[in-house]
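The values are calculated or read from the model by the stated rules, or taken from the named source; none is laboratory data. For clarity, every value in this text was computed on a predicted model and none was experimentally measured. No Cβ is skipped: glycine too gets one built from the backbone with ideal geometry, and neighbour counts run over all protein chains shown.
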Amino acid sequence: MAIPIGHQQIRDFSSGMMTETADSITPNNVMRLILNMDTSVIGQLQVRKGTTAIGDQLEDGKSILGLYQFKDSGAGAYSQQIAAVDNSGSTQSVTEYNNSGTWTGITDGGTFTAGAKYRFETFLDLVFMVNSAFDGPKSWNGNPASGWGTGQLTSAPAGEFIKVYKDRIYIAATSANPDRLYYSTVPDSNGDITWDTGATGLWIDINPEDGENITGLEENSTTLLIFKDQSMYRWNGSSTEADKIIDVGCSSSDSIATRHGKTFFFNPKGIYVTQGGYPQRISKPIQRWIDAIAVAYYNDVAGVCDEDHYYCSIGDVTVDGEAYTNVVLVYEISTQNWTVRSYAEQITVFANFIKSDGTEAVMVGNDDGDVQEFNSGDNDAGSAIVYRVKTIRLSFVNSFAYEKMFSEIHAFGRGLIGAQTIVHVEEDKSPRSIGELFTQWWMYVEGLKYRGRWFVFELTGTAVDTDTAEFWGWEITNGQVVSKGGK
């Protein structure tokens, strides 16, 4: 005799995505996959925004190697968006500024090494630049007529990393001294700084005999964090040596980002956050995505924060037998939720910037020579956004022993024209698609006769208008327990 199982709802997505918990202890508001959808509205899913071009293409088929917005602290006449990219023949890298939509070479910079990664900082109303090829630091006031020079950099070291901290510029990791942290004087009464790299000069070695080298710098509150591959150090700017915090390091400087006193970073074991002390690994809920990152990509992982998210670009990965391209992991800071995204091109670098209307935004550089505004528009610079959400295994009566059957399914949402629901029944290798679901805000299908001990529900579709594309969930009606034990 069949026993009704009541009205079953899958209408709560408030716990985001997890892959590392057993179905038996995982709440129904946890999804196994949330792809190209956000959880910013608690309880429902919304298709993410896309990317829109900032200016023309810098160089076809070449990766953006550095990206920055310099803000002129005067009248703002020389505020500039700056990007670095290899030239067409990959014989050298060049820096360009956004000249009213046309990316234009910055003059007087000399020849930079091809493939070098670029880092920038603003100080003394100048933008300072270093790169991973140790080409030597440069400075610029943003005036296209002047271009790169060496103002405020006489005798400065040719290091790989740069950070402003406590009214000084810090440059770390030269080719001869990869564990050394150099720093300038504070500005004098004329607003000038000097450098001393001599034997008793302004520098400190960061545990130079530990078999590791400096991989990044970041300011966190009143502390300068100094990263190595497998360790992290903290310096207050005046002690005789830096304090080693823990044997957790950072493999990619470009992954380091700070928001609201929290510094996020990547290493091969996961994504971590620190407030200047012991770092916490926050990526455990989606660890298989971390484990899928190619070893060769560890040094190229890039990250950024906006007001409530940390975004981490990890390249191409294969998870649970499925291949995903140009993946960005998304951590929502306020809810601690994870989702994943896949983009048309690989994001190689992020940067925060202020738009002309004064709002904060994020821009990205990709592996095809483009600079784009992130989280903007209904598509990825012309490529459609394909979204998916997939539930855990649902047994409905908290038991896999009982066989269940249902014949009616309702789906609810807005702006999901053409989206489909797919039902996986136990280990069935041929998931069952329920046609095109949405023509309005709801969908109802009957006569399904799906039978099994557990079910996985999946929604997939292609975004049309991301401003209105929301998924509110499924409801299962006319369900019954029909047997126990063998079929």
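Quick notes on this structure:
- Single residue of 44, 57, 69, 80 found to be under 26 Å from residue 368 (Cα atoms) and crowded, with 20+ Cβ neighbours inside 10 Å: 80
- Residue check for residue 94: of a type outside the set (Gly, Ala, Ser), assigned by TED's automatic domain parsing to the domain that holds residue 358 and touching a Lys or Arg at 6+ places or on another chain (Cβ under 6 Å): no
- If you go through the stretch 241-263 and pick out every residue that is free of Cβ contacts under 8 Å to residues at least 60 places away in the same chain, surrounded by fewer than 17 Cβ atoms within 10 Å (Cβ to Cβ) and in a loop (DSSP other than H, G, I, E, B), you end up with 3.
- From the list 316, 300, the lone residue that is surrounded by 15 or more Cβ atoms within 10 Å (Cβ to Cβ), in the same structural domain as residue 65 (by TED's automatic domain parsing), under 25 Å from residue 234 (Cα atoms) and modelled with pLDDT of 95 or more is 300.
- Verdict on residue 42 being assigned by TED's automatic domain parsing to the domain that holds residue 480 and not in a strand (DSSP E or B): yes
- Restricting the stretch 341-361 to residues that are crowded, with 19+ Cβ neighbours inside 10 Å and β-branched (Val, Ile, Thr), the residue that is nearest to residue 383 (Cα to Cα): 347
- Sole residue being of a type in the set (A, V, I, L, M), closer than 20 Å to residue 354 by Cα and within 27 Å of the chain's Cα centre (by Cα), chosen from 75, 84: 84
- Among residues of the stretch 393-423 being under 23 Å from residue 469 (Cβ atoms) and among the hydrophobic types (A, V, I, L, M, F, W, C), the one that is surrounded by the most Cβ atoms within 10 Å (Cβ to Cβ) is 416.
- Check on residue 233, out of contact with any Ser or Thr (no Cβ under 9 Å at 6 or more places or on another chain), under 30 Å from residue 281 (Cβ atoms), aromatic (Phe, Trp, Tyr) and free of Cβ contacts under 8 Å to residues at least 60 places away in the same chain: yes
- Counting the residues of the stretch 140-154 that are assigned to a strand (DSSP E or B), surrounded by 19 or more Cβ atoms within 10 Å (Cβ to Cβ) and either without any contact (Cβ under 8 Å) to a residue 60 or more places away in the chain or not assigned by TED's automatic domain parsing to the domain that holds residue 227 (or both) gives 0.
- Scanning the stretch 155-209 for residues being part of a loop (DSSP other than H, G, I, E, B) and either β-branched (Val, Ile, Thr) or not assigned by TED's automatic domain parsing to the domain that holds residue 131 (or both) gives a total of 8.
- Residue list for the stretch 441-475, restricted to those being under 24 Å from residue 46 (Cβ atoms), at pLDDT 75 or above and either in contact with a Phe, Trp or Tyr (Cβ under 8 Å, 6 or more places away or on another chain) or crowded, with 21+ Cβ neighbours inside 10 Å (or both): 457, 459, 460, 461, 462, 463, 469, 471, 472, 473, 474, 475
- Scanning the stretch 65-110 for residues that are free of Cβ contacts under 8 Å to residues at least 24 places away in the same chain and touching a strand residue (DSSP E or B) at 6+ places or on another chain (Cβ under 9 Å) turns up 92, 94, 105.
- Residue-level analysis places residue 266 among those that are in contact (Cβ under 8 Å) with a residue 40 or more places away in the chain and part of a strand (DSSP E or B).
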